[in-house]
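Read through the structure below, which is laid out as structure tokens, and then see the notes.
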Amino acid sequence: MVTQQKALVESGRANDLGYKTFRLGGYEFERNAYFTIIRYPGGEYHIPVGEFMRAVQRDIGWNFFYGMVKFDEVFGTFNFYEKGVDMFLGKYNDAWQKSGKHYSEMFPNEKISATFKAILEDWVPPDFNPWAAPRETGSPFGRKRGGPHPAIFRKRIVTTTMIKTQRTDETHPVNEAFQDLRGKDGEMKIKPEYAERFGLLNLYEYLARNDVTWNPEIVSAVEYSLFCPTTEEYILPITHGNDRVEWFLLLNGQISMEVRDRDTGILLAYLHMKPGDCTAMPADISHNLWAPERSMLLVWENGNPQLPELIRLGKTPTAPLEEFGLK
Ligand code: PHB
Ligand code: FE
């Protein structure tokens, strides 16, 4: 293994298909034509490589998000913020827990980020965009044929002015799926001296131009109340086990949701959301989402960094209704 000083990344020589192998603590990651092979002190585990790369892309894109990000029912990461990021295999899966096969290791955020980014740079083919819906992109499979797709370097745009002016026909054309669903701006009359301070944003119009799927982006922040709308199509590449209460409001399209116990992965419920449906989720579940057509979802998060600790101490409710003093 050669240690690349630049990015805290340990990588080996390319295999017969042209892909490098990466090591992170007791884990080793290798890809072949179809699968990611994760070796760990207890054995090896395989994940289809397209699903793996889509999940890695979200995990680093969101800086490991709130709480648990499961790539499938077995492997994933748990964000403990300043304490680091736990990478686990089977730790939150009933069968693996019972058989004592589970494994986990905590890493500093920077080390796991650097390794995941290096994996994407080496493994993502030039014609496979991990942010895109399957109909919009090429295949993740096969031997190395150049790459990576430039979308892996996508950065969130930090707004310096009204976000409305940052998505235009030139930079963000309306997605094909939203051609017939266009928002219409309301009317606003502003005194010229206030033009910089007020704006009217049609959220449908804004989201119709989103160039990625399954990527909640903050469009408004009022103290810790964060509105994070997103556009969805096909399957959320990860299963999210939140460390706090979370809300969804479906704006259009359709979303089916699979709800599991967060810590064992045992299935609890299925729901099918229609436009206008709102789900309020307790802090002890995980959810995966399916969207049969491109859909707009408003994710509402409470960004208070003290919440996981307050929940651990029993000082704050873990069910949405209790949060508002209702039962
Ligand atoms: C979630 O886990 O809450 C989540 C993640 C990505 C999305 C939507 C919801 O696009
Ligand atoms: Fe979630």
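Would you list which lysines come within 16 Å of Lys101, measuring only between C-alpha atoms, while excluding same-chain residues fewer than 8 positions from it?
In chain and number order, the partners are Lys91.
Report, to the nearest 10°, how far helix 49-61 tilts away from the longest principal axis of the Cα atoms in the chain, using its own Cα long axis and a range of 0 to 90°.
The helix 49-61 is inclined about 60 degrees to the chain.
Would you check the accessible area of His46, probe 1.4 Å, heavy atoms only, in square angstrom rounded to 10?
So the heavy atoms of His46 present about 90 Å² to solvent.
Indicate the gyration tensor shape class of the stretch 2-144 (rounded, prolate or oblate), computed on the Cα atoms with a ≥ b ≥ c the square roots of the eigenvalues: a/c under 1.5 is rounded; otherwise a/b larger than b/c is prolate and the rest oblate. Please list the in-between numbers first.
On the way: a/c = 1.37, a/b = 1.30, b/c = 1.05.
Here the stretch 2-144 falls in the rounded category.
Run the numbers on the stretch 155-324 and let me know its relative contact order in percent, using alpha-carbon pairs under 8 Å that are six or more apart. Provide the component values of the computation, followed by the final result.
Details: 319 pairs, mean separation 37.8, N = 170.
The value is 22 percent.
For a quick protection proxy, order the peptides 49-59, 64-74 by their average other-Cβ count within 10 Å, most packed first.
Working: 49-59: 23.6, 64-74: 21.0.
Descending mean neighbour count gives 49-59, 64-74.
For the chain, what is the calculated [θ] at 222 nm in deg cm²/dmol (nearest 500), taking -39500 (n - 2.57) for each run of four or more DSSP H residues and dividing by its residue count? The partial results should precede the final answer.
Numbers: 6 runs with 50 residues, N = 327.
Estimated from H runs of four or more residues: -4000 deg cm²/dmol.
With a 1.4 Å probe and every protein chain left in place, tell me how much accessible area Leu298 has, in Å² to the nearest 10.
Accessible area of Leu298: about 20 Å².
Please list Arg209, Arg312 in order of solvent-accessible area, largest first, computed with a 1.4 Å probe with all protein chains present. All intermediate terms of the calculation are to be shown ahead of the outcome.
Working: Arg209 20, Arg312 165 Å².
Heavy-atom accessible area, descending, gives Arg312, Arg209.
How would you classify the stretch 155-324 from its alpha-carbon gyration tensor, with a ≥ b ≥ c the square roots of the eigenvalues: rounded for a/c under 1.5, else prolate if a/b is greater than b/c, otherwise oblate?
Oblate, because a/c is 1.5 or more while a/b does not exceed b/c.
Got the relative contact order for the chain handy, in percent, Cα pairs under 8 Å and 6 or more residues apart?
On the way: 664 pairs, mean separation 45.4, N = 327.
Once normalised by length, the contact order is 14 percent.
Across the stretch 155-324, how many lysine pairs, 8 or more positions apart or on different chains, have C-alpha atoms separated by under 29 Å? Please give the number. Walk me through the intermediate numbers first.
Numbers: Lys155/Lys164; Lys155/Lys184; Lys164/Lys184; Lys164/Lys189; Lys164/Lys191; Lys164/Lys274; Lys184/Lys274.
The number of close lysine pairs in the stretch 155-324 is 7.
How many percent of Cα pairs in the chain exceed 27 Å? Numbers along the way, then the final one.
On the way: 25620 of 53301 pairs.
More than 27 Å apart: 48 percent of the Cα pairs in the chain.
Before anything else, pin down the relative contact order of the stretch 2-144: Cα pairs under 8 Å, at least 6 apart, normalised by residue count, whole percent. All intermediate terms of the calculation are to be shown ahead of the outcome.
Numbers: 247 pairs, mean separation 32.4, N = 143.
Relative CO of the stretch 2-144 lands at 23 percent.
Give a residue-ordered list of calculated ³J(HN,Hα) values for the stretch 267-279 (Karplus: 6.51 cos²θ - 1.76 cosθ + 1.60, θ = phi - 60°; whole Hz; x for Gly, Pro).
With coefficients 6.51, -1.76 and 1.60, one gets 5, 10, 6, 10, 9, 10, 8, 10, x, x, 5, 10, 10 Hz.
Could you calculate the contour length gain from Tyr224 to Asn109, that is, 0.36 nm times the residue separation minus the distance between their Cα atoms, to one decimal place in nm? Don't skip to the answer; put the middle values down first.
Working: separation 115, 0.36 × 115 = 41.40 nm, distance 2.26 nm.
The Tyr224-Asn109 span can extend by a further 39.1 nm.
Among Phe78, Tyr19, Asn288, flag the residue with its Cα farthest along the positive direction of the charge dipole of the chain, charges on Cβ as +1 for Lys/Arg and -1 for Asp/Glu.
Tyr19
Using only Cα atoms and rounding to the nearest 10 degrees, what angle (0 to 90) does helix 109-123 make with the longest principal axis of the chain?
With both axes taken from Cα atoms, the answer is about 80 degrees.
With θ taken as phi - 60° and the coefficients 6.51, -1.76 and 1.60, list the Karplus ³J(HN,Hα) couplings across the stretch 214-220 in order, rounded to whole Hz; mark glycine and proline as x.
6, 8, x, 10, 5, 10, 8
I'd like the distance separating the alpha-carbon centroids of the stretch 137-202 and the stretch 12-86, in whole Å.
Measuring centre to centre over Cα atoms gives 30 Å.
In debye, nearest 20, what is the charge dipole magnitude of the chain about its Cα centre with +1 on Lys and Arg Cβ and -1 on Asp and Glu Cβ, if you could check? Before the final figure, lay out the partial values.
On the way: 38 positive and 44 negative charges, 117 e Å.
I would put it at about 560 debye.
Provide the per residue accessible area, probe 1.4 Å, for the stretch 2-144, rounded to a whole number of square angstrom. Walk me through the intermediate numbers first.
Values: 5990 Å² over 143 residues.
Roughly 42 Å² per residue, with all protein chains present.
May I ask you to rank Glu196, Glu232 by accessible area, largest first, using a 1.4 Å probe over the protein chains only?
Working: Glu196 155, Glu232 5 Å².
The ordering from most to least exposed comes out as Glu196, Glu232.
I'd like to compare 101-109, 173-181: which one has the highest average count of other Cβ atoms within 10 Å, and what's the full order after that? Write out the running numbers ahead of the final one.
Working: 101-109: 16.6, 173-181: 13.8.
In descending order of packing, they fall as 101-109, 173-181.
The values are calculated or read from the model by the stated rules, or taken from the named source; none is laboratory data. What you see is a predicted model; the values in this text were computed from it and never measured. All Cβ positions, even for glycine, are placed from backbone atoms using ideal geometry, and neighbour counts span all protein chains on display. In case anyone asks, the SASA skips ligands and DNA or RNA and just uses the protein heavy atoms, side chains included. Shrake-Rupley method; radii C 1.70, N 1.55, O 1.52, S 1.80 Å.
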